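Reviewing the structure listed below.
The values are calculated or read from the model by the stated rules, or taken from the named source; none is laboratory data. Quick caveat: nothing in here was measured; it's all calculated off a predicted structure. So basically every Cβ, Gly included, is an ideal-geometry build from the backbone, and we count neighbours across all protein chains shown. Note: accessible area is taken over every heavy atom of the protein model, side chains too, but ligands, DNA and RNA are not part of it. Shrake-Rupley method; radii C 1.70, N 1.55, O 1.52, S 1.80 Å.
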Amino acid sequence: MNILNIEKPIWFMRQAGRHLPEYRELRSKKKNFLEFCFDKNSIVEATLQPIKRYKIDCAIIFCDILIVPYVLGQSTSFIKGEGPLLESLSLEDLTNLNTLPQKEKDLQNTYKAIKEVREKLNKNKSLIGFCGGPWTVACYMINGKGDGKFKVATEKIKQEKTLLIQLLDKLVEQSVEHLYQQYVCGCDTLMIFESWAGLVPYQEYKDILIDPVNKIIKKLQLLGVSAPIILLPRGINKKIINYIEKVNMDIISVDYNIDIEWLIKNLRTDMILQGNLDPNIINKGGKELENAVNRLLKNTRDRKHIYCSGHGLLPNTPIKNVESVIEIIKN
Ligand code: 1CP
C-alpha cells in the first residue's frame, strides 16, 4: 500500500542498518559493504528487520545512493569507519561513463530482493524505493569521498557548469532507470535523497537542484509510474518554500533544522509533509524526546503528515527511544 493510503504513517530514515544489533550481526557475515548490499538474502533480511522489531508502516529497501556511480563503472568502495571512497576521475571522464553490464547484473539482485520483500511484507505496509538526488550523487563522484563540504564539487558550479550539467543529466537518466525498476518490482513509494542540497548557492537552484529533479519526476510520470514521490532537500532552511513551489514532488521531507510550525504557517495547506523529528533528540530520549514528539503531533494535527525522523537515525540510538516515539504517535 503506498504511503499516502496509510492513515498515520510512521517510519524512520536509516531505520535499517546502523542502530540495530540484528543488522550488525547480519552485516558481520559479509566482508565488505558492497558484497552485502548486492546479496539478495541480506537485502531482504536487512529491509525487513526494522519491520519485525517496530510497529512501523514502511520498509525502505536496503541499498545505497552510491550504487549509481558503481554501476556507471566509477570504482566505489566503503571503508570501515570512514565511509565511501570513489575513484578519482575528472569531470569530463565522469560525464563519459556508461553503465557496465557486469555491474548492472549486481543490481538485478536488488530488484529480485524487492520482489521477495513485497511478497513477505504485509499488504498494508508501504515499501519505499530510493535514489540520491543528482546533485548529491555528483558531489560524491566529483569529490571522491564524503567530507560534508564537497568543496571540489561546489567549485565546479562556477568553473565547469556545462560539464557539471552534463553529469547531472546522466545521473537523471540513471536515477529514472533505477527508480523505475524498483517501482516495477514492487516499491509503491519512491524517495529522492538530496542530502547535500544545502551546499548549492540560491541563484543556482534552478540548474543544479530543481531542473534535474523535475526531469526525473516527469520521466517517471511518462513511464506511467503512479507511486508518490518523496523529496528530501536537506539543509536548505527557509529556501524550502521556494523549492516546494518549483518542484513537482508529492511529499516534501522536512529536515530537523526547519521549524515545522513556521513552515506550516507559511505553506499552502495541500502540501504533504514528512519529518521532522531530530535524530539527535531521538538518540537522547527522555522528556525532551516526549516533548518533541508531542510538539510535532500538535503542529501537524490538522493535516496529513508522515511521521519520520528529519534525517538518519544515529548508530547509537537506543531501541527503547525509537519505540517510545512510535508509542506516543500511535496513541
Ligand atoms: O558497512 C556499513 O554498514 C556501511 C554503512 C552504510 C549503510 C548501512 C552505508 C554507507 N550505506 C548504508 C545503507 C543506506 N544508505 C540506506 C538503507 C538502509 C537504512 O535504512 O539505513 C539508505 C537509505 C542510504 C542512503 C544514503 N547513503 C544517503 C542519503 C541519506 C542521508 O543519510 O543523507 C547518503 C548521503 C549515503 C552515502 C553513504 N553511504 C554510506 C555512508 C556511510 C554514507 C554517508 C557518507 C557521508 O557521511 O558523506
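Of everything listed in (1) over 25 Å from E7 (Cβ atoms); (2) assigned to a helix (DSSP H, G or I); (3) open to solvent by less than 70 Å² (accessible area, probe 1.4 Å), the single unmet condition for E288 is (3).
For (1) within 12 Å of the ligand (Cβ to nearest atom); (2) in contact with a strand residue (DSSP E or B) (Cβ under 9 Å, 6 or more places away or on another chain), each residue gets a yes or a no:
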| position | (1), (2) |
| --- | --- |
| R27 | yes, no |
| S42 | yes, no |
| A46 | yes, no |
| D57 | no, yes |
| I61 | yes, yes |
| V68 | yes, yes |
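Inspect the stretch 135-155 for any residue being away from the ligand (no atom under 16 Å from the Cβ), assigned to a helix (DSSP H, G or I) and of a type in the set (K, R) and give the result as yes or no. Taking every residue of the stretch 135-155 in turn, none turns out to be away from the ligand (no atom under 16 Å from the Cβ), assigned to a helix (DSSP H, G or I) and of a type in the set (K, R). Among the strands (runs of 3 or more DSSP E) contained in the stretch 209-278, which hold 3 or more residues that are touching a Phe, Trp or Tyr at 6+ places or on another chain (Cβ under 8 Å) and in contact (Cβ under 8 Å) with a residue 24 or more places away in the chain? Qualifying strands (runs of 3 or more DSSP E): 272-277. In the stretch 38-54, the residues that are at positive phi and charged (D, E, K, R) form no Cβ pair under 8 Å with any partner that is within 11 Å of the ligand (Cβ to nearest atom) and open to solvent by less than 10 Å² (accessible area, probe 1.4 Å), whether six or more places apart or across chains.
When the test is whether a residue is within 16 Å of the ligand (Cβ to nearest atom) and hydrophobic (A, V, I, L, M, F, W, C), L277 passes it.
The condition of being more than 16 Å from the ligand (Cβ to nearest atom), buried (at least 23 other Cβ atoms within 10 Å of the Cβ) and either of a type outside the set (S, T, Y) or not in a helix (DSSP H, G or I) (or both) holds for only one of L167, L171, that being L167. In the stretch 192-208, the condition of being at pLDDT 95 or above, hydroxyl-bearing (S, T, Y), more than 19 Å from D255 (Cβ to Cβ) and surrounded by fewer than 16 Cβ atoms within 10 Å (Cβ to Cβ) is met by no residue. Considering T154, T189, T136, the condition of being open to solvent by 30 Å² or more (accessible area, probe 1.4 Å) and either within 29 Å of K120 (Cβ to Cβ) or out of contact with any Gly (no Cβ under 9 Å at 6 or more places or on another chain) (or both) is satisfied by T154 alone.
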